[in-house]
Each structure stands twice: as C-alpha cells, then as structure tokens.
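One structure below.
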Amino acid sequence: MDLAGRISMLRRVNGLSARQLAALVGVAPTTITRIESGAVSPSFDLAQEIMAVLGEPIGFTGVADASAIAAARLALDPTLDIKVGPGVEAWRQRWARVGLVDGTGKVITGKHADLMFRAGRAARLTRRAGATDFNAGLSAIELAGALAAADVDYALTGDAGANCYRSSAGEAWPVLYVEDVARAAAVIGLERKQPESFGMKCTLIAFDGVNELGRADIDGVVVAARDQVVIDAYGGIDRMPEQADILLGRRVA
C-alpha cells in the first residue's frame with residue numbers, strides 16, 4: 001500500500017475526519033484530502049508528523065510512542081511526577097490544536113474521554129515497549145496472586161483491570177505491568193510465546209515510570225490507575241474499547 005492509501009486507511013481506523021487530522025498536524029483540511037487522493041506528495045517532515053499522529057511513524061519499529069500516554073496522564077493529573085520531554089511536548093501541541101488540552105497541557109473540561117481515546121489509539125497496548133508475550137494459562141487475577149505471593153510489584157490493566165473497576169466483560173487477554181518481566185515470568189513459571197504462533201496469550205509489560213503511577217488496591221488486587229486502564233483499554237483489542245466507554249459512562253454495561 002502506498003503512503004497515500006496508508007494515511008487514508010489509518011485515519012479511518014483512528015476515527016478521524018480529514019479536518020481533525022489536519023488540525024492535529026497543523027495543515028489545511030484540503031492538504032490531507034489532496035495527499036490521500038494522490039494529487040500531492042507530502043514533504044518528509046509532514047509525512048512523519050501525519051504518521052506519528054496516526055500511531056505509525058515513518059521508520060516504525062513496532063513499538064508504540066509512550067510519550068502520548070505520558071502526555072495524557074499528565075494532562076489528566078498535573079500532580080504526577082512525569083518529565084515533560086520533547087515527545088510529551090509534541091503531543092501537547094497536537095492536542096492543543098484540536099482543543100483537547102490548554103496551553104499548559106491540561107485537559108479541557110469535557111474532553112477527558114476524547115483525550116484518553118486519542119492517547120490509547122496512538123500507543124496501542126499490543127505495541128508497548130518492554131512487552132513480552134507468554135503462553136496463556138492462569139487468569140489475570142491468578143497471575144496477580146502469584147506475583148503478590150512472590151513479592152513482585154505489579155498492576156493489572158487491560159480487560160481484567162477494567163473489570164476490577166467495573167465488571168463488564170469476560171477476560172480475553174491478561175495484561176500486567178510488572179517491575180521486572182524476567183523475574184515475574186520466572187516466579188509464575190510462564191513460557192515465552194513463539195513468534196507467529198496462534199492461541200491465547202498473556203502479556204507482561206515493564207514499569208516505565210508512567211504506567212505504574214497511581215496504582216490502586218481493589219479487593220486485594222493491585223490495579224493500574226483508572227486513567228491508565230482506560231487509555232490501555234482504548235488501545236486494546238476485542239471489547240476493551242467498549243469497557244473503556246463503560247468506565248467513563250459513555251456506554252451502558
């Protein structure tokens with residue numbers, strides 16, 4: 001697929017109109033439509049900006065841009081100890097152009113859900129840095145219990161995390177943040193999932209200085225912060241986006 005077709009496809013996947021994408025990257029809407037139609041070719045810098053906003057920057061290595069999550073978490077809670085680097089600032093500027101955050105990077109009233117959706121789509125849960133897939137076996141709650149017994153710091157997220165805040169769906173994919181992926185896998189006895197293999201999986205993702213902030217204890221289970229779980233659900237699979245909507249009151253369970 002050529003660049004024009006890929007931009008058009010990714011824009012639709014991300015639920016963006018040409019006008020919204022144009023605002024995010026700071027160009028006229030006609031520029032986007034002309035690029036998608038093949039009438040013009042974007043400069044390298046513009047193409048890079050468009051693809052970054054759509055979650056697949058040029059030279060994409062398969063790893064999501066965690067700066068989008070950091071920027072969103074900080075926008076939702078400015079008291080968090082998160083460093084504002086170039087990546088976070090870039091997302092602040094993009095979101096400010098579409099009215100999601102103000103000049104200081106704080107979320108605009110009434111835009112919380114839209115911001116978390118955009119952050120989740122820009123940094124898909126399946127593409128997080130430090131993520132390792134293992135063959136499925138235990139449920140997320142059972143994995144959490146085993147980690148707690150071994151004194152390994154963790155936090156549930158994804159569908160299991162969403163269910164801890166409000167039960168609304170079955171568990172399709174256990175995902176946990178952990179302090180040390182190798183140690184966590186060893187104490188539980190997990191086996192690495194082979195590349196390109198089929199079947200269910202569970203995923204461990206290393207703490208990164210953002211995803212572990214604000215963890216909550218719910219009925220003896222440690223869960224990622226509600227904002228983090230919602231962002232992750234929006235960037236997840238199957239019914240996870242619906243679970244995010246339910247947590248935010250945008251959908252009835």
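The values are calculated or read from the model by the stated rules, or taken from the named source; none is laboratory data. Keep in mind that what you see is a predicted model, and the values were worked out from it rather than measured. Heads up, the Cβs are rebuilt from the backbone with ideal geometry, glycines too, and the neighbour counts pull from every protein chain shown. All accessible areas refer to the heavy atoms of the entire protein, side chains included, with ligands and DNA or RNA removed. Shrake-Rupley method; radii C 1.70, N 1.55, O 1.52, S 1.80 Å.
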(request) Report the antiparallel proportion of the DSSP beta bridges in segment 107-253 as a percent, rounded to a multiple of 5. (result) 70
(message) At a threshold of 8 angstrom on Cα-Cα distance, excluding pairs fewer than six apart, so keeping six or more, what relative contact order does segment 159-253 reach in percent?
(response) 32
(message) Looking only at the chain, where both bridge partners belong to it, what percent of the DSSP beta bridges are antiparallel (to the nearest 5)?
(response) 75
(request) Would you mind working out the accessible area per residue for the chain, using a 1.4 Å probe, and quoting it in Å²? (result) 46
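In percent, how large is the relative contact order of the chain, given Cα pairs closer than 8 Å and 6 or more residues apart?
With pairs under 8 Å counted, the relative contact order is 18 percent.
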(request) Could you point to the residue in Thr79, Gly105, Gly158 farthest towards the positive end of the chain's charge dipole, with +1 and -1 charges on the Cβ of Lys/Arg and Asp/Glu respectively? (result) Gly105
(message) From Cα pairs below 8 angstrom and at least 6 apart in sequence, can you work out the relative contact order of segment 42-179, rounded to a whole percent?
(response) 20
(request) Measure off 7 Å from each Cα along the Cα-to-Cβ vector at Arg19 and Glu191, then give the distance between these two points in nanometres to one decimal. (result) 5.5
(request) Could you tell me what percent of the accessible area of the chain is made up of carbon and sulfur, with a 1.4 Å probe and every protein chain present? (result) 50
(message) Under a Cβ-only charge scheme (Lys and Arg +1, Asp and Glu -1), can you give me the dipole magnitude of the chain about the Cα centre, in debye to the nearest 20?
(response) 980
(request) May I ask you to evaluate 6.51 cos²θ - 1.76 cosθ + 1.60, the Karplus curve with θ = phi - 60°, for each residue of segment 192-204 and list the ³J(HN,Hα) values in order in whole Hz, giving x for glycine and proline? (result) 4, 7, 6, x, 6, 7, 9, x, 5, 9, 10, 10, 10
(message) Explain nothing, just the number: dipole magnitude of segment 25-106 about its Cα centre with +1 on each Lys and Arg Cβ and -1 on each Asp and Glu Cβ, in debye rounded to the nearest 20.
(response) 160
(request) Evaluate the charge dipole of segment 105-253 about its Cα centre and quote only its size in Debye, nearest 20, assuming +1 on the Cβ of each Lys and Arg and -1 on the Cβ of each Asp and Glu. (result) 660
(message) Just to confirm the number: angle between the C-alpha axis of helix 44-53 and the first principal axis of the chain, 0 to 90 degrees, nearest 10?
(response) 40
